[in-house]
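Here is the structure we will look at.
The values are calculated or read from the model by the stated rules, or taken from the named source; none is laboratory data. Worth saying up front: this structure is predicted, and the values here are computed from it rather than measured. In this analysis, Cβ positions are derived from the backbone assuming ideal geometry, glycine residues included, and neighbour counts consider all displayed protein chains. Ligands, DNA and RNA are excluded from the accessible area calculation, which covers all protein heavy atoms including side chains. Shrake-Rupley method; radii C 1.70, N 1.55, O 1.52, S 1.80 Å.
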Amino acid sequence: MSEARKTPLHRMHESRGARMVPFAGYEMPLNYPAGIMKEHLHTRSAAGLFDVSHMGQVVVRPKSGRIEDAAAALERLIPMDVIGLGEGRQRYGLFTNDAGGILDDLMFAHLGDHLFVVVNAACKADDIAHLEAGLGETCTVEPLERGLIALQGPQAETALARLAPDVGLMRFMDVRQIDIKGIDALVARSGYTGEDGFEISVPVSAAHDLTDWLLAFPEVEMIGLGARDSLRLEAGLCLYGHDIDATTTPVEAALEWAIQPARRSGGARAGGFPGAAVILQQIAGGAERRRVGLLPEGRAPMREGTELFAAEDGPSIGRITSGGFGPSLNAPVAMGYVAIDHAAPGTRVFASLRGKMLPATVAKMPFIRPGYKRR
Amino acid sequence: MLKFTEEHEWLRQDGDEVIVGITEHATQQLGDLVFVELPEEGATVAKGDEVVTIESVKAASDITAPLDGQITEVNSAIVENPALVNEDPMENGWFFKMTLAEPSELEGLMDEDAYRDYIA
């Protein structure tokens, strides 16, 4: 094993007393001295700052100079409407395989003369190779060495607007090149917590300055990966490698909302992506299993891997893929896959936990009310 | 008498019983507790048996019986409010009381100085 990589903010994490853990080949902060519970609640009530510099940032530039060529090329790898994406806008996407499974989830943005793609840290080498193999003839694929920080929470706009007033004009999923007191920043109004907020890509050399400026505001605290996980779980958002992977299709994962009409049967550019036959058939006819939210009835968290049953003495119907305690709900919360007959909200299922069968109810996600600024 | 185990439990003698909890060091390592499951009062336990399940936001852990004996009382206040263990691990955040099969075995555990060295 090679030594864990460090993000541009590593020194700051250590100076703030973070508990550092290995994650996707990086040494990352699990939590700061405040602890996961307080960090989570702070993000929901004020603004949390996250170092997500481990994620992959990639520029896809059309060799022809025509953005439509890059968009058409990316559409061959993902079942999303890339050509229809407006300049300065971003979308959630999925790299699929020929069986309809998910290779990774990603964000992609139209930045005028190129596409900007953000992928998961654990998958980034594979994703870049996949992009080069799929788009290399028509596009250059350039991984960026930049810092990436997320500012999330109901007071994120208030804080960031003190440094860059223009961010107040952005709505959910807008992306803008913005000068933040001399820093060349790429700002997206998005995140992965269920809150309003921003993801800010900056040169490595500027990451410390921007972080220091934001942390000087009373609303802003550093938040670690532990709270990032409980925040995204309450928001019903998938964690790649846990809730979605190469064996789960977008329909099984309840992510068909991310497949726009243009790519579905009858659409202007239906199919033409890996696994299209499987995925389009499942959009029309449904899948055998589905990712659902689960609210355990007691206080005991139900963790990843917990097997689910139709009744206390009934057959196995699935398993939990993410689970823990939801600080904002003040209750355990989980998501997992169940057989389609048990996927309707309100269905009672049983989880096998330490030799006991404990009840849980299938619930709609997100578990919290999202704060996205859609306007 | 206050004694400690390598599993970061503390034991305080209280008449014929010992009170058992986990140390502040343990709570710092575990983080915020959100769930506690305690043993049945009256249960006979052997050293090393998993008698308590605790869960933090991130993970589940087991607490084992520090010595052979019988559980005489459990602290239901920490079931209602697991955060009590983080706030006051050495007093109000105790887990259970037990009588020891061999009271002399308590002598063999670490004292406070030895435990401080152990976690240093």
* Would you mind checking which residues have amide H under 5 Å from B:THR72's amide H? H placed 1.01 Å from N; only 5 or more apart, or other chain. => B:GLY42, B:LYS97, B:MET98, B:THR99
* **Where Rh is the Kirkwood radius over Cα pairs, Rg/Rh for the stretch A:256-363** => 1.10
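Give the value in nm², to one decimal: projected area of the alpha carbon convex hull of the stretch A:1-235, averaged over all directions. Could you put the intermediate results ahead of the total?
Numbers: hull surface 51.1 nm².
About 12.8 nm², averaged over all directions.
What is chain A's relative contact order, in percent, from Cα pairs under 8 angstrom and six or more apart in sequence?
It comes to 18 percent, rounded to a whole number.
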* the stretch B:88-120 and the stretch A:272-307: distance between their alpha carbon centers, rounded to Å -> 47
* To do: Compute the separation of the alpha-carbon centres of the stretch B:1-71 and the stretch A:76-128 and state it in Å as a whole number.
  => 48
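Are there any GluC sites (Glu not before Pro) in the stretch B:54-97 that are in a DSSP loop and have at most 16 other Cβ atoms within 10 Å? List them by number. Can you show the working numbers first?
On the way: sites: B:GLU55, B:GLU73, B:GLU80, B:GLU87, B:GLU91; in loops: B:GLU91.
For GluC sites (Glu not before Pro) across the stretch B:54-97 that sit outside H, G, I, E and B with at most 16 neighbouring Cβ atoms in 10 Å, the list reads B:GLU91.
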* Asked: If amide H atoms are built 1.01 Å from N in the plane of the peptide, which residues on other chains or at least 5 residues away come under 5 Å of the amide H of A:ASP81?
  -> A:GLN260
* Kindly provide the GluC sites (Glu not before Pro) of the stretch A:114-206 that DSSP labels as loop, not H, G, I, E or B, and whose Cβ sees at most 11 other Cβ atoms within 10 Å. => A:GLU137, A:GLU145
* Over the stretch A:1-105, one equal point on each Cα, no solvent: what is log10 I(q)/I(0) by the Debye formula at q = 0.17 Å⁻¹? -> -0.96
* To do: Starting from 0 in steps of 5 Å, tell me what percent of the Cα-Cα pairs of the stretch B:2-119 lands in each bin.
  => 2, 12, 24, 26, 20, 12, 3, 0
* Asked: What distance in nm separates the simple spin-label points at A:ALA99 and A:ASP313, each placed 7 Å from Cα in the Cβ direction?
  -> 3.6
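Determine the alpha carbon to alpha carbon distance for each of A:LYS6/A:LYS124; A:LYS38/A:LYS364; A:LYS356/B:LYS58; A:LYS38/B:LYS97; B:LYS3/B:LYS97 and list only those over 23 Å.
Details: A:LYS6/A:LYS124 16 Å; A:LYS38/A:LYS364 25 Å; A:LYS356/B:LYS58 21 Å; A:LYS38/B:LYS97 31 Å; B:LYS3/B:LYS97 14 Å.
Checking Cα-Cα distances, A:LYS38/A:LYS364; A:LYS38/B:LYS97 exceed 23 Å.
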* Structure fact -> Karplus ³J(HN,Hα) for the stretch B:60-73 (6.51 cos²θ - 1.76 cosθ + 1.60, θ = phi - 60°; Hz, whole; x = Gly/Pro) runs 9, 9, 10, 10, 9, 5, x, 8, 5, x, 10, 6, 10, 7
* Please work out how much accessible surface A:MET173 shows to a 1.4 Å probe, ignoring ligands, DNA and RNA, in Å² rounded to 10. => 30
* Rounded, prolate or oblate: which one fits the stretch B:1-45, using the alpha carbon gyration tensor with axes a ≥ b ≥ c (rounded when a/c is under 1.5, else prolate when a/b beats b/c, else oblate)? -> oblate
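Divide, for the protein assembly as shown, the radius of gyration over alpha carbons by 2.2 N^0.38 Å, where N is the residue count. Each step should come with its number before you reach the end.
Numbers: Rg = 25.4 Å, N = 495, 2.2 N^0.38 = 23.2 Å.
Ratio of Cα Rg to 2.2 N^0.38 Å: 1.09.
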* Structure fact -> The answer for A:THR321, listing residues at least 5 apart or on another chain whose modeled amide H is closer than 5 Å to its amide H, is A:GLY305, A:MET335, A:GLY336, A:TYR337
* Between A:ALA339 and B:VAL79, what FRET efficiency follows from the Cβ-Cβ distance if R0 is 35 Å, with the result rounded to 0.05? -> 0.55
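Which order do A:ASP105, A:ASP166, A:ASP229 take by accessible area at a 1.4 Å probe, largest first?
On the way: A:ASP105 10, A:ASP166 95, A:ASP229 45 Å².
Final ranking, largest accessible area leading: A:ASP166, A:ASP229, A:ASP105.
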* Probe 1.4 Å, all protein chains in place: accessible area of A:ILE83 in Å², nearest 10? -> 80
